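Reading through the structure tokens given below for one structure.
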Amino acid sequence: MSQTIFVLEDDADISRLVQYHLESAGYAVRPYLAPSQIVTDAERQPPALFLLDIMVPGGDGLDLCRRLRQNPSLSSIPIIFLTARAAENDRVHGLELGADDYITKPFATRELVARVKAVLRRFERPTGPSLIKFETIEIDASAMQLRVGGELVTTTATEFRLLDYLARHPGRVFSRDHLLDAVWGDARFVTPRSVDVYVRRIREKIEADAETPRYLKTMRGAGYRFEIPKSAAAVQERGA
């Protein structure tokens with residue numbers, strides 16, 4: 001069965017262009033001219049990915065992204081912005097809201113399809129031991145779930161992959177460029193500043209005090225290191 005992509009785009013010509021090329025690549029597409037019905041439809045039949053314009057009538061893509069990330073049943077579905085807003089601050093704001101990629105108009109259709117594929121690959125389950133546990137934190141790669149203190153904490157696919165990668169290599173210092181290659185691959189919109197945004201989002205979810213992190217440490221001038229306290233050695237388990 002084809003993966004379904006919900007496309008929010010109020011320009012009919014661009015919408016048809018996007019739909020044609022995504023369908024040619026093997027995806028099913030549900031186009032929307034306005035955001036009002038998207039959450040309801042997604043709750044009924046979740047898509048594989050949301051492709052959202054920002055400036056649309058009857059609302060905007062940024063607000064829709066925020067609502068999707070706050071919806072427990074939809075929060076982990078990848079989101080790509082496709083927009084004419086090209087300023088770096090707009091890109092960073094999109095990331096802070098939980099977007100997984102940010103494509104600016106005008107765009108090449110081949111690149112659009114390639115980046116949709118790249119984001120969906122990033123959403124695939126990580127390999128290796130499926131469960132990492134230490135202190136109150138559980139990182140379950142097979143289900144792509146994070147639990148803190150026994151409570152399920154929602155993450156985006158990209159947040160989870162970054163956390164999972166760091167936690168599987170405790171004690172190692174990774175530069176921002178290394179993390180870009182390891183987690184994002186060829187996502188061209190991502191910059192070292194983008195990595196900082198994701199690190200901040202992860203800290204807010206796993207640290208008791210995000211301003212004074214115990215686990216995800218900044219190594220000034222070098223990058224980031226994930227530390228597991230010596231009194232709480234991590235347990236790694238494989239799924240069935």
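These residues, T155, T218, go from largest to smallest accessible area, 1.4 Å probe, as T218, T155. Sorting 104-110, 16-22 by their mean Cβ neighbour count within 10 Å, with the most densely packed peptide first, gives 16-22, 104-110. Only Lys, Arg, Asp and Glu carry charge here, each on its Cβ (+1 for the first two, -1 for the last two); on that basis the stretch 10-80 has a dipole of about 280 debye about its Cα centre. In the chain, taking the dipole from charged Cβ atoms about the Cα centre, the farthest positive-side position among I77, V173, Y224 is held by V173.
In the stretch 141-187, the portion of solvent-accessible area held by carbon and sulfur atoms comes to 45 percent [1.4 Å probe, whole percent, DNA, RNA and ligands not counted]. Note on the chain: antiparallel DSSP beta bridges, both residues inside, total approximately 60 percent of the bridges counted.
When the chain is modelled as a GNM with alpha-carbon springs shorter than 10 Å, which of K205, K217, K230 fluctuates the most? In this elastic network of the chain, the residue with the biggest mean-square fluctuation among K205, K217, K230 is K230. Counting only Cβ charges, +1 for Lys and Arg and -1 for Asp and Glu, the dipole size of the chain around its Cα centre is about 720 debye. Between the helical axis of 88-97 and the longest alpha-carbon principal axis of the chain there is an angle of about 70 degrees. Put Y27, Y165 in order of accessible area, highest first, and with a 1.4 Å probe you get Y165, Y27.
Taken as Cα centroids, the stretch 135-182 and the stretch 19-93 sit 24 Å apart, rounded to the nearest whole angstrom. Excluding ligands, DNA and RNA, the accessible surface per residue across the chain is 48 Å² with a 1.4 Å probe. Sorting M219, M55, M144 on solvent-accessible area from highest to lowest, probe radius 1.4 Å, gives M55, M219, M144.
Surface composition of the stretch 1-86: carbon plus sulfur atoms contribute 50% of the solvent-accessible area (1.4 Å probe, protein chains only, all chains present).
Of the residues T83, T156, T191, the one that moves most in a GNM of the chain with alpha-carbon contacts below 10 Å is T191.
The values are calculated or read from the model by the stated rules, or taken from the named source; none is laboratory data. Please read these numbers as outputs of a predicted model, since none were measured by experiment. Heads up, the Cβs are rebuilt from the backbone with ideal geometry, glycines too, and the neighbour counts pull from every protein chain shown. The area values use the complete protein model at the heavy-atom level, side chains included, leaving out ligands, DNA and RNA. Shrake-Rupley method; radii C 1.70, N 1.55, O 1.52, S 1.80 Å.
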